[in-house]
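Chemist: To start, I am sharing the structure in question, which I have written as structure tokens.
The values are calculated or read from the model by the stated rules, or taken from the named source; none is laboratory data. What you are looking at is a predicted structure, and each value in this text was computed from that prediction instead of being measured. Cβ coordinates were reconstructed from backbone atoms using ideal geometry, including for glycine residues, and neighbour counts include every protein chain displayed.
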Amino acid sequence: MLNREADKPEAAVVEVANTRIDRASLALALAIACSHPKPLPPTPHRWLTDNVGLLDPKTVKRLDEALEAYEKRSKHQVFVWIGDSTKGEPYQDFTFRVFNAWGIGRENYDDGVVLWLFARDDMRWITVGYGLEAAIPDREAVRICREVMKPHIQKGRYDEAVDVGVGAIIKAIDSWEKR
């Protein structure tokens, strides 16, 4: 006579073993997928890069020249990078990864800032190097994105949004340095 109770634990072990294999296979597949470096946008050659034509060319030129002059005056690098989307990558991961790969800010000072806009994702984000975190702590970066820029973006006035965002970043840095 077949002992059904004795068969059940074996079946459960096989089922658990199959599940473990499936999980192990999934973990391996994820590890392989994550090990392939994600492509980086090219390192910017100017202070304002608008990859999607969101801003008027006159605004791009004016702000780019202003950011260049600011770097010459203060030595701090402030960049604006406008793209379409992070393509599903969490924006915090994308911006942190790209910021570090580009090497924004002076070596040994880490005093760079990037204002990111992702047009299709409707996302704004500010990445701040460690050397300027006291000038632009996280709460200030969030305030600039939500309270300073967002009202202009909601009205479709992207040029104004970037203009006031850059102004708020520079004001925060300058105010901090005067302390």
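Chemist: Name the residue that is surrounded by the most Cβ atoms within 10 Å (Cβ to Cβ), counting only residues in segment 66-104 that are among the hydrophobic types (A, V, I, L, M, F, W, C) and outside any helix (DSSP H, G or I).
Modeler: Here is the first cut: in segment 66-104, the residues among the hydrophobic types (A, V, I, L, M, F, W, C) are 66-67, 69, 78-82, 94, 96, 98-99, 101-102, 104.
This time we only want the ones that are outside any helix (DSSP H, G or I), so: 78-82, 104.
On the way: Val78: 27, Phe79: 23, Val80: 25, Trp81: 23, Ile82: 21, Ile104: 22.
Out of the qualifying residues, it is Val78.
Chemist: Considering (1) closer than 20 Å to Met149 by Cβ; (2) assigned to a loop (DSSP other than H, G, I, E, B), say which one Glu107 fails and leave the rest.
Modeler: All conditions are met except number (1).
Chemist: What residue, of Ala141, Ala168, is under 18 Å from the mean Cα position of the chain (by Cα), small (Gly, Ala, Ser) and buried (at least 19 other Cβ atoms within 10 Å of the Cβ)?
Modeler: Of Ala141, Ala168, the one residue that is under 18 Å from the mean Cα position of the chain (by Cα), small (Gly, Ala, Ser) and buried (at least 19 other Cβ atoms within 10 Å of the Cβ) is Ala141.
Chemist: Consider Tyr158 carefully, then state whether it is in the same structural domain as Val78 (by TED's automatic domain parsing), surrounded by 14 or more Cβ atoms within 10 Å (Cβ to Cβ) and at pLDDT 95 or above.
Modeler: Values: in the same structural domain as Val78 (by TED's automatic domain parsing): yes; surrounded by 14 or more Cβ atoms within 10 Å (Cβ to Cβ): yes; at pLDDT 95 or above: yes.
Spelling it out, Tyr158 is indeed in the same structural domain as Val78 (by TED's automatic domain parsing), surrounded by 14 or more Cβ atoms within 10 Å (Cβ to Cβ) and at pLDDT 95 or above.
Chemist: Another question, then. Can you tell me which residue within segment 32-65, out of those that are part of a helix (DSSP H, G or I) and modelled with pLDDT under 95, is farthest from Ile173 (Cα to Cα)?
Modeler: Checking each candidate, the answer is Ile32.
Chemist: Given the conditions (1) out of contact with any helix residue (DSSP H, G or I) (no Cβ under 9 Å at 6 or more places or on another chain); (2) touching a residue at least 24 places away in the same chain (Cβ under 8 Å); (3) not small (Gly, Ala, Ser), which single one is not true for Arg73?
Modeler: With respect to (1) out of contact with any helix residue (DSSP H, G or I) (no Cβ under 9 Å at 6 or more places or on another chain); (2) touching a residue at least 24 places away in the same chain (Cβ under 8 Å); (3) not small (Gly, Ala, Ser), Arg73 is out only on (2).
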